[in-house]
1. Where Rh denotes the Kirkwood radius from the mean inverse Cα pair distance, what is Rg over Rh for region 288-547?
2. For every helix of n ≥ 4 consecutive DSSP H residues, a contribution of -39,500 (n - 2.57) applies; sum these over the chain, divide by its total residues, and give [θ] at 222 nm rounded to the nearest 500 deg cm²/dmol.
3. Kindly state, to the nearest 0.05, the FRET efficiency for Arg150 paired with Glu531, given R0 = 45 Å and r defined as their beta-carbon distance.
4. Can you list residues whose amide H is under 5 Å from Ala303's amide H, if they're 5+ apart or on another chain and H is modeled 1.01 Å from N?
5. Give me D for the chain in µm² s⁻¹, whole number, from Stokes-Einstein with Rh from the Kirkwood sum over alpha-carbon pairs, 37 °C and 0.692 mPa s.
6. Based on the alpha-carbon set only, what is the convex hull volume of region 63-257 divided per residue, in Å³?
7. Once R0 is set to 22 Å, what does the formula 1/(1 + (r/R0)^6) return for the Cβ-Cβ distance between Asp503 and Arg341, expressed as a FRET efficiency to the nearest 0.05?
8. Nearest-5 percent of antiparallel DSSP beta bridges in the chain?
Amino acid sequence: MNTDMTTLRGPELATGWDEVITHAEALDEALRAGHGRLPAEAVARAEKVLHKVPARQAIIGGRTVVALAGATGSGKSSLFNALVAEPVSRIGARRPTTSVPTAAVWGDEPSGELLDWLGVGARHQVPVNARRAASLGGLVLLDLPDFDSRVAQHRAEADRVIELADVFVWVTDPQKYADAVLHDEYVKRLARHSAVSLVVLNQIDRLDRAEISQCVDDLRRLLAADGLTDVTILPTSAVRGYGVDDLAGTIASFVQERTAAEQRLLADIRSVAEALQDGVASQEAQLGSAAGDELTDALCRAAGVPAVIDAVRNDYRAQADRQGGWPFIRWVHRVRPAPLRRLRLDGGRLVDASAGESALVRSSLPAPGPAARAAVDVATRKLGRRAGEGLPAAWADAAHEAATPSDDRLHDSLDQAVMRTELRGRSSFWWVAASVVQWLLAAIAVIGLVWLVVLAVLGMARVSASSPTWFGLPIPLLMLVFGVLLGVLLALLARWAATRGADRAAERAGARLRTAVAAVGAEQIVGPVTEVLQEHRETRMALAAAAR
């Protein structure tokens, strides 16, 4: 709805209108929240009601519009003339002659704008000295075409005015009081309007008292079956004048209360709100954490998280080997590409020349395979089914659609989530200590080796030279042997420590990756599904408030 219901409020708003606007705002909110997901026919009726509210309020004045509606031959026009006390409406001898609405107006308040809005051209001003003029002041009485007329234009005109009237007077007779047109097309549809409804059993002069009582009781039963309870039924005879004063008095009570317009509109709002409630469920599904966990598991597989975790583990080991490994073979690890760099997950950046700004490079992780894609598809479908469980088809379809994002868009988001995740963490403190010790041991071994080589060269040159000993062994030899052995032992110890550290680093990286992937799932899948459920809840609550 484009109508801003808040503009209808003002300091002059009466208490009755305040309730109407409150319900209208709730209905308008329901249409906004449930846009495109509520029954189209009921939505169209609701929009007509919401357009009618400000139009009727603008011309409320002190007038009450009462419509005499009935089938062919029920005596509406005769009853109309009897209330006016003048032959204003033509009465056909054989065929109904009321083709357009006729209005009789009591009181001196201007009614032109109201009658223009009603689309009634035939107008009669009842004289101020006419009978019942005092009690009916403010009444606009309408004689409508027959709603069962064979002329489609007549039926359409009757229906149009019935939609705008404040009070309905359903006129029937002993022969047609059970007519299906009256009950199925009008009374049942407007059953919520009992507060502004009145039923007249006309032409009782054709019956005796027992038959009148029997007809009234049977009519009351039929009306109750239609949902129109606690409605006044007045037996009348327009020809004889029976019950006309009672009818005039009942109509006068509507006029004097001056709340019929508000009650009619309030009933309209409640009625369309009840019809719209067929388009919502009584409650929404609860997704729960299990659905999110299952989805995150599938997304992690699609994002290549297991491969990244293995790369983190191997990368940690490689860094540990470069720091705490035996210095003489470290070049081997330096020649090999780092596992994370091989996947382009080392935090590198590229400059997009066309955009003129920094952007994270895409990783070298392989695209998800058929099994990973199938797992995501199963998880999203399951989430969509769980969200749509118990919801009407339009809402269930919306939940399923929200749970099924574009594959390319989802894969790109997952890849960027992995790229943005900190994988390496801080370097371990023992790496520096192990590196210092390894270089110290390497220096000792090299010094011992050089010392031995010098001694060997001098011996070959027949130059007498000796080296100090320790427990009978040359110290240079001890330096070489112990430097190498202790270096290798320290490298093995570092490898063991690196294995344990790599497992912890992989575990921490896995937790961070899972959090990042879960955020993507929440943003692109769970979030949109939750939004659909929230819109359903808002629609349901607003409709309940409008129908209350």
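1. Radius of gyration over Kirkwood radius for region 288-547 works out to 1.29.
2. For the chain, the value works out to -18500 deg cm²/dmol.
3. Between Arg150 and Glu531 the formula returns 0.30.
4. none
5. Diffusion coefficient, whole number: 105 µm²/s.
6. With only Cα atoms used, region 63-257 gives 107 Å³ per residue.
7. With a Förster radius of 22 Å, E is 0.55.
8. Around 30 percent antiparallel, to the nearest 5.
Bear in mind that the values in this text are calculations on the coordinates, not laboratory data. Model, not experiment: these values are computed from the prediction. Reconstructed Cβ throughout: ideal geometry from the backbone, glycine too, with neighbour counts over all protein chains shown.
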